[in-house]
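The values are calculated or read from the model by the stated rules, or taken from the named source; none is laboratory data. Computed from a predicted model, the values in this text were never measured in an experiment. All Cβ positions, glycine included, derive from the backbone under ideal geometry; neighbour counts span all protein chains shown. Note: accessible area is taken over every heavy atom of the protein model, side chains too, but ligands, DNA and RNA are not part of it. Shrake-Rupley method; radii C 1.70, N 1.55, O 1.52, S 1.80 Å.
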Amino acid sequence: MSAKLPSARFRRQLKEQLPILESEGLLSPQQTQSLTGRYRLDALSAEATHFLLMAIYIISSVLIAIGVISFVAAHWRDIPANIKLAAIFGIMLAAHGTGFYLWQIRQSHPRLGHTLVLLGTLIFGANIGLVAQIFHIRGNPFDMFLAWSIGAIAVGYAVRSVPNAAAAVILAGIYAVGNTIDNFRFSSELSWFPLLAIALFVPFIYVSRSKVLLWLTLLLLTITMHGVINDEREWALQGFALSGLLFFSWGTVSQNFESTRFISSTAWAFGVTVASISTYFCSFKLMHHNESGFDSWLQSSSTTTLCWMGMLSVLAVSLWVVSLIRCDRLIRLFGILIAIIFAAVVSLRWFMPAYAIAFTANVLLLLMIVLLFSASFTYEDRRIFWAAVALAILLIVSRTLEYETGLMVKAAVFVACGVGLMVGGVLFERFLKSRRTLHE
Amino acid sequence: MNKKAIWFVLAVLLQTLILILVPARQVHARLTGKEITVKTAPVDPYDFLSGYHVILSYDISRLPVIEREPSEEKPRLSTVYVVLRQDVDNIWVVDSAHNRWPDEVGADKIVIKGRYDRWRVLYGIEHYFVPEGKRSSIEHDLRNNRSDTCADIKVDRFGNAALIRLRIGDTVYEY
């Protein structure tokens, strides 16, 4: 039965150690041979060559693409427009065609072929600029990134290419951020964008099972959810709260199926993080000084924004309801807490004064910290423990600095945090050690 | 041809289609549009990605009055339909401006579509890419003929416009 190989670094070190172990009589020649075969240690140098070649191909493709893009700046007006168009189309089609042939048809140089297909997509982006230049068109410069992204994801789906899909996500992010950010504040003009991003990129995550793509897509959605809900406040916290609910629910639903389980831990991490960020900023009283009623919020939001917001909220809530059906108790508690955070962040500002909202946010944050600590002990996971510790310290220090307290109080708080951190860390490590002994 | 090849060909065709759609409106305007002349007042910046280009500001970019629905606040980048009429020296000037396509337009007038951007209207013909070798001569002409610069444009029946040539003093720069 073939198992996934460990890292190249481990295998290199093992290859160095095997002769030493054999010479010391700890391993027989047959055992050395078996280990060499099991970990494919003889293939290390060939793999290193392939890796280097792939890196060279990618770097050279990017450099060539930059060269082509730079070529846009040098006007080649003496050549007739027809020939210019034929040349740029020809280069793009040649890259795509040659790449596909080498990769999928002849299969002699799969990495080079794949890289050429990626190069074709990069040239496509340059061509958008070139065509615009040839026809003296200059619209919003960020709009070309959406067109480039659509072209890239089409190729990504066609040949199951993660680099093309990753490029598509990054380009879509540039389009969204460039088009909406104005004085460091997102507007709601692209409230349709998160749903488009979900429709375009999430299916590919299932198809490719790529964690890189999962990370990029979650990051893209987190950033662009700001544009969904028209918010007077600078930080658009409702977008984060909605993202938290959506991501956590997605992670919980994915946990129920073997083929989608790879999504869970990342989606949960993102969900908890953005929900915590949203709650953290809500815990400051100053964040709520410009509260307006529900009616005035409704009037200030456009119908289209409300529609898109409604659709996203329905998606998030539906996924959340489904996720609660079959999950363990602790995950269910997290799901309920994140849903409460979403409801609170979205609606409390219409019904409660600032101090009450801040107090509620602090309570929710405390509950989050408790759940995180509980999860760290249940799953015996250091990362969750330290996340809980970081959040707890952040909460304590923020409250201490936000409210008027004397220097002595501040000093006591900081010392208590430091001591608590040390004691907590040591106790947790002892717990982990005892659990390890128990398992053995 | 296997399935993957078919999908790949379709994806590349999509990329090609996007490239064709980029200039589609301008090409349609150039092929089917009516040629008119408008007054310009250009400014000359440098853009790294797109090379040297002249930003053209037209007299028709500034609208005296826009007919719009009562109490409707014009947001940035919304569409506006400007009716032009021929004035002295065959220069076309603004007759009126509307939120939607005007119901009746005389045969001696033409409708051009623009995007309202704060204090001016953009028609997609504001940029003229300048060859590197000709930059200094164009700059010199622009400086000496700021009030004597016109542009010949074509406007199709949908209001799309395409820049055909730039006239700076006695010099003509064809697109």
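Odds and ends about this structure:
- Candidate set: region A:131-149, residues that are in a helix (DSSP H, G or I) and more than 7 Å from every other protein chain (Cβ to nearest Cβ); chosen: the one farthest from A:Leu213 (Cα to Cα): A:Ile134
- Qualifying positions in region A:20-52 - at positive phi and either surrounded by 11 or more Cβ atoms within 10 Å (Cβ to Cβ) or modelled with pLDDT under 90 (or both): A:Arg40
- Residues (open to solvent by less than 70 Å² (accessible area, probe 1.4 Å) and either among the β-branched types (Val, Ile, Thr) or in contact (Cβ under 8 Å) with a residue 60 or more places away in the chain (or both)) located in region A:307-323: A:Met309, A:Leu312, A:Ser313, A:Leu315, A:Ala316, A:Val317, A:Leu319, A:Trp320, A:Ser323
- Apart from one condition, A:Phe257 fits all of (1) open to solvent by 30 Å² or more (accessible area, probe 1.4 Å); (2) over 13 Å from the mean Cα position of the chain (by Cα); (3) at pLDDT 90 or above; the exception is (3).
- Counting only strands (runs of 3 or more DSSP E) that sit wholly inside region B:1-89, those with at least 2 residues that are at pLDDT 85 or above and in contact with a Lys or Arg (Cβ under 6 Å, 6 or more places away or on another chain) are B:78-86.
- Region B:1-32: number of residues that are closer than 29 Å to B:Gly159 by Cα and more than 8 Å from chain A (Cβ to nearest Cβ): 11
- Filter result for A:Ile128 (more than 12 Å from chain B (Cβ to nearest Cβ), assigned to a helix (DSSP H, G or I) and of a type in the set (Val, Ile, Thr)): no
- Residue in region A:71-88 that is open to solvent by 40 Å² or more (accessible area, probe 1.4 Å), part of a helix (DSSP H, G or I), of a type outside the set (A, V, I, L, M) and at pLDDT below 90 present: yes
- Of all residues making up region B:93-133, the number that are of a type in the set (Val, Ile, Thr) and within 14 Å of another protein chain (Cβ to nearest Cβ): 2
- With respect to the conditions (1) closer than 23 Å to A:Arg329 by Cβ; (2) crowded, with 16+ Cβ neighbours inside 10 Å, A:Leu395 falls short on a single one, namely (1).
- Matching entry among A:Arg160, A:Arg111, A:Arg138 (being of a type in the set (Lys, Arg), over 23 Å from the mean Cα position of the chain (by Cα) and more than 30 Å from A:Ile79 (Cα to Cα)): A:Arg111
- Pick from region B:94-139, criterion more than 23 Å from B:Arg25 (Cβ to Cβ), surrounded by 13 or more Cβ atoms within 10 Å (Cβ to Cβ) and not small (Gly, Ala, Ser), ranking: modelled with the highest pLDDT: B:Ile138
- Only listed residue being at negative phi, among the β-branched types (Val, Ile, Thr) and more than 12 Å from chain B (Cβ to nearest Cβ), chosen from A:Ile105, A:Ile174, A:Ile123, A:Ile88: A:Ile174
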